[in-house]
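Notes to accompany the following structure.
The values are calculated or read from the model by the stated rules, or taken from the named source; none is laboratory data. Please read these numbers as outputs of a predicted model, since none were measured by experiment. Reconstructed Cβ throughout: ideal geometry from the backbone, glycine too, with neighbour counts over all protein chains shown.
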């Protein structure tokens, strides 16, 4: 496998309609050379349709797919030279592992000697050389997945497309293969485009995530950026968990304001330039792990009193549901080993968080 | 008798009626056929000797095998095309296609055979049309020969060829075909390297089914052959009913059963027979 750099892919105003239904709505996205990009969204968000349009199985109603700036929209799938790992792997059941991996080389008319060398290299890459003569059904799910990867990479494709590559595996194996896939991406240095509805998978593997909802691209960026600075309520809710605080903007200043919610006034330091006009409604996203349970005498920039509604022990931490008079129900997650109080139902507690913990988000357009 | 033994005997009693039915109506008559074939007109294998000595017997077997093979091949080719078209059709269209395949099955085989006679005879629709169009000067001999038999038999057998092949094609995951194209295979190569090999079990199943049905086929060859081209089933009926040569007739009947069993045995090593008779999936 040569270490040739990957290729760049561009989507320009990609739209796909099925009758009245708009599956993909004006999506534009630039994917750089060698990047690992994940299209993340709930089912029906259009992520798979976009992947199928990139692969050439779906003809877009409008817009274009560009490879290194060249329009490839009219090309059929077999002319695009993209590797693809299908959901459920789609290994050919009547061929051995080696024959499966050799398939893309065979249809390209490569000689048997060259083919054998390439197949061996590809199977070595995914550590399956000793299984070359087996049939797919004789392999475990994880091994089948690696065969599918070898088959998709063996012909030096310009891009690797992955359609829910880990969804058929159990949780532990999925975590292992996430690591492997990431390591593989570094080794082959190609552009990977992954589709998933699993936010953990997206966060752990990707260089960049594009979040989709109802066929629209909601936000794209590095995993940390999306997690820390979600642009809309949907992004904050879909990527991780979030509390939402609603209130009125008071005392706006560059980079911050006070949020008035009932009798509470909360300091918000969002660090963004433009000041919000006073009196407007604002919605804040506050991650549960950024809320602390305050010990006796401890203070924080924002403090709220409440009562524990319910709690559960998760080993590493406690998950609490807390009723507050002004902010409704809040969820908090705190490390179990340094919790200042032993949680109990109906226990009065004080919650605290810093001014930069909550970020303003937009309501999603319906 | 132990308690478990009694329970066991109770269960066996339950299937006794079915067992008796099978013995009285199937096994006993077949045993009788076998007995007659080695006792009439005299005890011994004299009737079976005819297989090697009588050119008339050999000709019947040869004709039957030839017609059955040609029928099987044609029915498979036509049936494969139809099953492929149905598999690729939209769900709504699939229903209509399947109806069109099944409707002939519900029409009496006798009606269909006579319909072919009307179409193919000297003054039939086909010859009249061709004569009228000036394509031919003399009516073509389309019926009361091997050609007529094969037309009628293929027509009868196509649905039996379509159904097992359709079942096998429907089991093919469409993602495999998409995957093959994504990996660089043209439509032709996807068919040749993926679809065809995966549909092969259905083709073999259909082939066995059609061939076995064809071997013992009676009505269609009798009507469309017009007594000039004899296949095994008609020959047996001729021996027993017209010539009262029971020994020869039952010998051929025994050979027919043996041929069917051998065919099944050979192919049971290649494909899962339960699939042929619909218990697969």
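Only one residue in A:51, A:123, A:75, A:91 is under 30 Å from residue A:176 (Cα atoms) and part of a loop (DSSP other than H, G, I, E, B), so which one is that?
The unique qualifying residue is A:91.
In segment B:171-225, which helices (runs of 4 or more DSSP H) lie fully inside it and hold 3 or more residues that are within 26 Å of residue B:113 (Cα to Cα) and touching a helix residue (DSSP H, G or I) at 6+ places or on another chain (Cβ under 6 Å)?
Here the list reads B:196-215, B:219-225.
Say we look at segment A:217-262 and pick out the residues that are part of a loop (DSSP other than H, G, I, E, B) and out of contact with any strand residue (DSSP E or B) (no Cβ under 9 Å at 6 or more places or on another chain); which of these is modelled with the lowest pLDDT?
Looking at residues that are part of a loop (DSSP other than H, G, I, E, B) and out of contact with any strand residue (DSSP E or B) (no Cβ under 9 Å at 6 or more places or on another chain), I get A:254.
Of all the residues that make up segment A:18-36, how many are surrounded by 16 or more Cβ atoms within 10 Å (Cβ to Cβ) and either over 19 Å from the mean Cα position of the chain (by Cα) or assigned to a strand (DSSP E or B) (or both)? Outline the logic, then answer.
Of segment A:18-36, the ones surrounded by 16 or more Cβ atoms within 10 Å (Cβ to Cβ) are A:22-25, A:27, A:29, A:31, A:34-36.
The next check asks that each one be either over 19 Å from the mean Cα position of the chain (by Cα) or assigned to a strand (DSSP E or B) (or both); those that pass are A:22-25, A:27, A:29, A:31, A:36.
Number satisfying all stated conditions: 8.
For segment A:146-192, name all the residues that are more than 24 Å from residue A:33 (Cβ to Cβ) and within 14 Å of chain B (Cβ to nearest Cβ).
Taking segment A:146-192 first, the residues more than 24 Å from residue A:33 (Cβ to Cβ) are A:146-147, A:164, A:166-177.
Hits for segment A:146-192 are A:147, A:164, A:167, A:168.
Does segment B:72-106 hold any residues that are surrounded by 13 or more Cβ atoms within 10 Å (Cβ to Cβ) and outside any helix (DSSP H, G or I), and which are they?
B:89, the sole residue that qualifies.
For segment B:148-169, indicate whether the set of residues that are in a loop (DSSP other than H, G, I, E, B), in contact (Cβ under 8 Å) with a residue 40 or more places away in the chain and either exposed (fewer than 15 other Cβ atoms within 10 Å of the Cβ) or assigned by TED's automatic domain parsing to the domain that holds residue B:228 (or both) is non-empty.
no
Which number in (1) touching a residue at least 60 places away in the same chain (Cβ under 8 Å); (2) crowded, with 23+ Cβ neighbours inside 10 Å; (3) over 15 Å from the mean Cα position of the chain (by Cα) marks the one condition that residue A:39 misses?
(3)
List the strands (runs of 3 or more DSSP E) inside segment A:263-341, counting only whole elements, that have at least 3 residues being surrounded by fewer than 17 Cβ atoms within 10 Å (Cβ to Cβ) and touching a residue at least 40 places away in the same chain (Cβ under 8 Å).
Result: A:302-313.
For segment B:39-58, how many residues meet the condition of being assigned to a helix (DSSP H, G or I) and touching a residue at least 12 places away in the same chain (Cβ under 8 Å)?
Counting residues in segment B:39-58 that are assigned to a helix (DSSP H, G or I) and touching a residue at least 12 places away in the same chain (Cβ under 8 Å) gives 7.
Quick one: in segment A:104-143, of everything that is within 14 Å of chain B (Cβ to nearest Cβ) and within 31 Å of the chain's Cα centre (by Cα), which residue is surrounded by the fewest Cβ atoms within 10 Å (Cβ to Cβ)? Walk me through how you get there before you give the answer.
The first filter runs over segment A:104-143 and keeps only residues within 14 Å of chain B (Cβ to nearest Cβ), leaving A:104-110, A:115, A:118-119, A:122, A:135-137.
Among the residues that remain, those that are also within 31 Å of the chain's Cα centre (by Cα) are: A:104, A:122, A:136-137.
Values: A:104: 28, A:122: 25, A:136: 20, A:137: 8.
Here the answer is A:137.
All but one of (1) more than 14 Å from chain A (Cβ to nearest Cβ); (2) part of a helix (DSSP H, G or I); (3) modelled with pLDDT under 90 hold for residue B:138; which doesn't?
If we test residue B:138 against (1) more than 14 Å from chain A (Cβ to nearest Cβ); (2) part of a helix (DSSP H, G or I); (3) modelled with pLDDT under 90, just (2) comes out false.
Out of segment B:178-194, which residues are surrounded by fewer than 19 Cβ atoms within 10 Å (Cβ to Cβ) and more than 7 Å from chain A (Cβ to nearest Cβ)?
Residues satisfying the conditions are B:187, B:188, B:191, B:192.
Does residue B:152 satisfy the condition of being closer than 30 Å to residue B:89 by Cβ, modelled with pLDDT of 90 or more and away from chain A (no Cβ under 14 Å)?
yes
Is it true that some residue in segment A:23-41 is out of contact with any strand residue (DSSP E or B) (no Cβ under 8 Å at 6 or more places or on another chain) and modelled with pLDDT under 95?
No, there is no match, as no residue in segment A:23-41 is out of contact with any strand residue (DSSP E or B) (no Cβ under 8 Å at 6 or more places or on another chain) and modelled with pLDDT under 95.
Is it fair to say residue A:88 is within 14 Å of chain B (Cβ to nearest Cβ), buried (at least 16 other Cβ atoms within 10 Å of the Cβ) and in contact with a helix residue (DSSP H, G or I) (Cβ under 9 Å, 6 or more places away or on another chain)?
yes
Which condition number in (1) closer than 26 Å to residue A:178 by Cβ; (2) in contact with a helix residue (DSSP H, G or I) (Cβ under 6 Å, 6 or more places away or on another chain); (3) touching a residue at least 60 places away in the same chain (Cβ under 8 Å) is the one that residue A:97 fails?
If we test residue A:97 against (1) closer than 26 Å to residue A:178 by Cβ; (2) in contact with a helix residue (DSSP H, G or I) (Cβ under 6 Å, 6 or more places away or on another chain); (3) touching a residue at least 60 places away in the same chain (Cβ under 8 Å), just (3) comes out false.
Does segment A:52-85 hold any residues that are at positive phi and either buried (at least 21 other Cβ atoms within 10 Å of the Cβ) or more than 11 Å from chain B (Cβ to nearest Cβ) (or both), and which are they?
Residues satisfying the conditions are A:56, A:63, A:68, A:69.
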